[in-house]
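What follows is one structure encoded as structure tokens, with my remarks underneath.
What follows is calculated from the coordinates using simple rules that are stated; it is not laboratory data. Every value quoted in this text rests on a predicted model; they were computed, and no experiment measured them. Positions of Cβ are backbone-derived with ideal geometry, glycine not excepted, and every protein chain shown enters the neighbour counts.
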Amino acid sequence: MNGFDHNRIHDDMIDVRNDQHTEIARIQDEIKNFLGLKSNQIIFEFSNGDGKFKLDLITINPRHNQSFLFRSEVGIDRIDALKRMFEYVKNHKARESSYTVQWSVKGDRELNTSYFWGGNIYDALDKLYYDRDMNTINVYNVTMNPIT
């Protein structure tokens, strides 16, 4: 034996991985609670490319059961992306405008109203159209809400 404890290294690797998962769960819970959403109303979708992690925070409206992009953030790892997202969530109202969008799914007669934060109207519409075919939704009205 060379005095090298392979089991200890394996246990340390598991502890680090579990700590990362615990930290990820903790930050996700903070974001969810800050936004006042239930677990079935929020999705944290990660993708990895170019050595970076992208986090798409998706919200689900329980009334009409549609999902929308809340925000995308990029970080060096999942924890960094989540921390950046939490900072955005805490401060976005001071930096962006609120928009009301009236829309319907094509073929459905029900008019829906959704609210988005963005730097401009195009940001709001990008969040509405996130991950769906633009031809499946009719937009009737987009209004910038007054500053409160």
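In whole percent, what relative contact order does segment 96-148 give with Cα contacts below 8 Å and a gap of six or more residues?
Once divided by the residue count of segment 96-148, the mean separation gives 50 percent.
Positive end of the dipole of the chain, charges at C-beta (+1 Lys, Arg; -1 Asp, Glu), about the Cα centre: which of F70, G107, F34 has its Cα farthest in that direction?
Among F70, G107, F34, the one farthest towards the positive end of the dipole of the chain is G107.
Take every Cα pair under 8 Å in the chain that's 6+ residues apart, average their separations, divide by the length, and report that relative contact order as a whole percent.
Here the relative contact order equals 17 percent.
Taking the Cα centre of the chain as origin, sum charge times position over the Cβ atoms of Lys and Arg (+1) and Asp and Glu (-1), and report the length of that vector in debye to the nearest 20.
620 debye
Amide H to amide H, which residues 5 or more places from I137 or on other chains are under 5 Å from it, using H placed in the peptide plane?
K106
List the residues, sorted by chain then number, that are 5 or more residues from L37 or on another chain and whose placed amide H is less than 5 Å from its amide H.
Under 5 Å from the amide H of L37 lies no amide H from a residue far enough along the sequence or on another chain.
Calculate I(q)/I(0) for segment 96-148 by the Debye formula, one identical point scatterer on each C-alpha and no solvent, and give its log10 at q = 0.14 Å⁻¹ to two decimals.
So the normalised log intensities work out to -0.34.
Within the chain, how many Lys pairs that are eight or more residues apart, or on different chains, come under 17 Å at the alpha-carbon?
7
Only four residue types carry charge here, +1 at the Cβ of Lys and Arg and -1 at the Cβ of Asp and Glu. Report the dipole size of segment 96-148 about the Cα centre in Debye, rounded to the nearest 20. Can you show the working numbers first?
Numbers: 4 positive and 7 negative charges, 30 e Å.
That gives segment 96-148 a dipole magnitude of about 140 debye.
Using the alpha carbons of the chain, what is the convex hull volume per residue in cubic angstrom, as a whole number? Walk me through the intermediate numbers first.
Numbers: hull volume 22.3 nm³, N = 148.
For the chain, the hull spanned by Cα atoms encloses 150 Å³ per residue.
Quick check: residue separation of K52 and T22 times 0.36 nm, minus the Cα distance between them. What number comes out in nm?
8.7 nm
Once amide H atoms are built 1.01 Å from N in the peptide plane, which residues 5 or more positions from R71, or in another chain, come under 5 Å H to H?
Those lying under 5 Å, H to H, from R71 are L57.
Want the number for I79 to V139: 0.36 nm per residue separation, take away the alpha-carbon distance, what's left?
Values: separation 60, 0.36 × 60 = 21.60 nm, distance 3.57 nm.
Once the chain is fully extended between I79 and V139, it gains 18.0 nm.
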